[in-house]
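Visitor: Mind having a look at this structure? Questions to follow.
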């Protein structure tokens with residue numbers, strides 16, 4: 001009898017210009033996502049991620065496979081984190097040139113209600129898997 005190993009991978013989509021290059025260069029090794037306990041539990045069980053550029057569009061491209069290192073809930077409101085808790089290095093690592101640019105991204109992509117909700121976002125850190133030898 002043949003036994004199959006179930007391999008579960010969670011896809012993460014990126015749309016911020018330059019994300020692909022930042023991820024592949026190692027500059028960007030984290031992402032901020034809506035807090036979703038069920039999804040986060042699944043990710044932490046397998047730690048397997050597939051990173052995509054503009055998933056579900058004609059421009060979709062797989063960026064890389066990655067390993068999730070950690071997920072933590074950002075306690076409080078995201079705009080407070082951007083203003084008071086994130087360092088300039090954190091803002092840069094997320095792919096933004098300034099706190100103002102990072103805040104604009106969140107204001108443009110989330111409702112005022114979402115932005116005002118406590119503990120609405122989680123911070124994922126990941127490591128891109130090295131390409132296996134012999135792969136094209």
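No value in this document is a laboratory result; all are computed from the given coordinates. A quick note: this is a predicted structure, and the numbers were derived from the prediction, not measured. Note that we place each Cβ from the backbone using ideal geometry, even for glycine, and neighbour counts take in every protein chain shown.
Visitor: Quote the FRET efficiency, to the nearest 0.05, computed for residue 25 versus residue 85 with a Förster distance R0 of 30 Å and r equal to the Cβ-Cβ distance. Before the final figure, lay out each step's value.
Guide: Working: r = 25 Å, r/R0 = 0.84.
Efficiency at R0 = 30 Å is approximately 0.75.
Visitor: Assuming 0.36 nm per residue, please report the length gained on full extension of the stretch residue 56 to residue 75 beyond their Cα-Cα distance.
Guide: 3.8 nm
Visitor: Of 107, 91, 67, which has the largest mean-square fluctuation in a 10 Å C-alpha GNM of the chain?
Guide: Top of the fluctuation ranking is 107.
Visitor: Cα convex hull of the chain: how many Å³ per residue?
Guide: 146
Visitor: If contacts are Cα pairs under 8 angstrom and at least 6 residues apart, what is the relative contact order of the chain in percent? Please list the in-between numbers first.
Guide: Values: 201 pairs, mean separation 44.0, N = 136.
Relative contact order of the chain: 32 percent.
Visitor: Another question, then. Which of the peptides 68-76, 110-118 is most tightly packed, and how do the rest follow, judged by the mean count of other Cβ atoms within 10 Å per residue? Write down the numbers at each step before the final one.
Guide: Values: 68-76: 14.7, 110-118: 12.4.
Result, highest mean first: 68-76, 110-118.
Visitor: Please work out how much length the chain gains when fully extended from residue 109 to residue 129, using 0.36 nm per residue of separation minus the C-alpha to C-alpha distance, in nm with one decimal.
Guide: Numbers: separation 20, 0.36 × 20 = 7.20 nm, distance 2.88 nm.
Full extension from residue 109 to residue 129 adds 4.3 nm.
Visitor: Please order 59, 40 by the number of other Cβ within 10 Å, starting at the fewest. Please report the intermediate quantities before stating the final value.
Guide: Details: 59 9, 40 18.
With the fewest neighbours first, 59, 40 line up as 59, 40.
Visitor: Hey, quick one: spin label on residue 47, modelled 7 Å out along Cα-Cβ, who in region 58-83 has an amide N within reach, i.e. under 14 Å?
Guide: Once the point is set 7 Å along Cα→Cβ of residue 47, 66-71 turn out to lie under 14 Å by backbone N, inside region 58-83.
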